[in-house]
Amino acid sequence: MTEVVVLGAGYAGLKTVRDLQKQSGDFNITLIDRNSYHYEATELHEVASGSHHADKISFPIVDVIDTKKVTFLQDNVEKIDCDAKTIQLEKTGSMSYDYLVISLGFCSETFGIQGVRDNALEMVDINTANQVYEHVLSMMKKYRETKDANLLKLLICGAGFTGIELAGAFADERKRYAEIAGVKPEEISITCVEAMDSILPMFDRDMAQYAMDVMEKRHITLMLGAKIKEIQEGKVVYTKGDDDTTKFVEAGTIVWTTGVSGSHVMETSGFAQRRGRVVVQSDLRHPNYENVYVIGDVSAFMNPENDRPYPTTAQIATQMGKHTAKNLAHQLKGEATEVFTYNEQGTVASIGNTHGLGKVGTKSLKGYPASAMKKVIVDKSLVDMGGLKELLAKGRFDFYH
Ligand code: NAD
């Protein structure tokens, strides 16, 4: 029996499995993930702010796979050896495969900046998002006893999509945090510290300005041109412009969202990679191994228009998963693989529950239509990952929440 092993049950891996399990043939699929659940990584900010309970953005993997065709193994992937066709797992030990799909997802990028791991919170999965929320709550409760104003300060490092979406979600919950702390909502400060002089370089200036205006209206402070150099306990140390003199800003909650890299397993396994991403062939396979696909956040798929890899998003990961299932089905039947083309459907980001911005096709979206569109996209993705059953279970039809 041919063994197909899929590493990681994020958007890319789970989509591969859900499509491949529908194919008939003499093969087994083993899906491996360190968690027993799939989570919607695009919605982690909702859990970190406490707007949503973790159950609302996650579901058990075994609920959405065909367990007659797929074996799910909860284990931690430590290393991959493509020459020996084996993987090393923390609990199970060594395991061999005939075909491998590497879709191990992302981790937060520290760029070697000191103190990040020890003094800032990350938001990369359900556990860490929950930790952010619990931390915020504990700071608000502590304020009641100490009256230390720094405890009311929420500081986000980086104003990319993740940072902006988190700031918006914090702003939605500001009133609730204030009640816990026993202060007025305006006393809870929310700040994004950003190295660049502007935000969202992928949008035109008008859209970026719109995002900045919304943030200002929502009393989110943007510190632009502030390059973070170090994180100390309760303190973000930065420099401004060409001036090398360090300054600092204090906060009880510091969240690190300055970008992501692919899983560390890629480097540990000796792949030629940059920030955990491996450049793949046009059919999504590794250039040296015809039985290995590298997809999702560990993959660098080049955009022929600018010769740069496409940014890592849930959208491209899901399309890669779909294509990989198709190509594996071809290979299992002894047929040739097909070239992957990314169908970019647009980018939409929320700034809280009813504000947002984005681009769909040539159309720019602002305000409520953008935030409603984001919910449509997230719901469509939930159907892709968990089927209609999961969408119904999550009850996400109210576009105001
Ligand atoms: P990002 O790289 O898009 O943004 C990180 C930001 O942090 C940048 O603006 C960068 O200038 C800033 N930064 C980096 N180092 C810094 C430093 N030392 N000091 C101050 N600022 C610093 O990363 P992200 O926001 O985590 O997003 C990761 C990926 O996920 C991106 O490809 C993004 O497009 C995608 N994403 C998409 C959505 C969406 O489509 N709605 C939402 C979240 C993330």
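The values are calculated or read from the model by the stated rules, or taken from the named source; none is laboratory data. All values reported here derive from a predicted model rather than from experimental measurement. Reconstructed Cβ throughout: ideal geometry from the backbone, glycine too, with neighbour counts over all protein chains shown. Areas reflect the complete protein model, heavy atoms only, side chains present, ligands, DNA and RNA absent. Shrake-Rupley method; radii C 1.70, N 1.55, O 1.52, S 1.80 Å.
A few points about this structure:
- Distance from the Cα centroid of segment 1-64 to that of segment 275-315 is 20 Å (rounded to whole angstrom).
- Tyr11 - accessible surface, heavy atoms, 1.4 Å probe, Å² rounded to 10: 20 Å²
- Figure legend: label point modelled 7 angstrom from the Cα of Asn306 along Cα→Cβ; residues of segment 147-184 with amide N under 17 Å from it are 160-161.
- Per-residue SASA remark: Ser108, around 10 Å² accessible (1.4 Å probe; ligands, DNA and RNA not included).
- Heavy-atom surface analysis with a 1.4 Å probe gives the chain a carbon and sulfur content of 49 percent of its accessible area.
- Theoretical gain in end-to-end length, Asp379 to Ala84 [0.36 nm per residue, Cα-Cα removed]: 102.2 nm
- Cα-projected label distance for Asp75 with Gln23, points at 7 Å along beta-carbon direction, nm: 2.4 nm
- Within segment 116-258, antiparallel bridges make up roughly 40 percent of the DSSP beta bridges whose residues both belong there.
- For the pair Arg176 and Lys235 in one chain, pulling the backbone fully straight at 0.36 nm per residue adds 18.8 nm over the alpha carbon distance.
- For the chain, the Cβ-based charge dipole about the Cα centre amounts to some 780 debye (Lys, Arg positive; Asp, Glu negative; other atoms uncharged).
- Highest average packing first - 219-232, 290-303, 155-168, Cβ atoms within 10 Å: 155-168, 290-303, 219-232
- With all protein chains modelled, accessible area of Glu187 [1.4 Å, Å²]: 80 Å²
- Å² of accessible area per residue within the chain, as computed with a 1.4 Å probe and no ligands counted: 46 Å²
- Length gained on full extension, Lys141 to His330: 62.3 nm, using 0.36 nm per residue less the C-alpha separation.
- Segment 1-113: C-alpha gyration tensor shape, a/c 1.5 cut-off, then a/b vs b/c: oblate
- Expected 222 nm ellipticity per residue - DSSP helices of 4 or more, -39500 (n - 2.57), all of the chain, to 500: -10000 deg cm²/dmol
- Checking the Cα-Cα distances for Lys184/Lys217; Lys22/Lys56; Lys175/Lys217; Lys15/Lys366; Lys175/Lys363; Lys153/Lys363 against a 25 Å cut-off, the pairs over it are Lys22/Lys56; Lys15/Lys366; Lys175/Lys363; Lys153/Lys363.
- Helices in the chain that qualify as membrane-span-like (whole DSSP H runs, Cα extent of at least 24 Å along the helix axis, mean Kyte-Doolittle hydropathy of 0.0 or higher) are 368-394.
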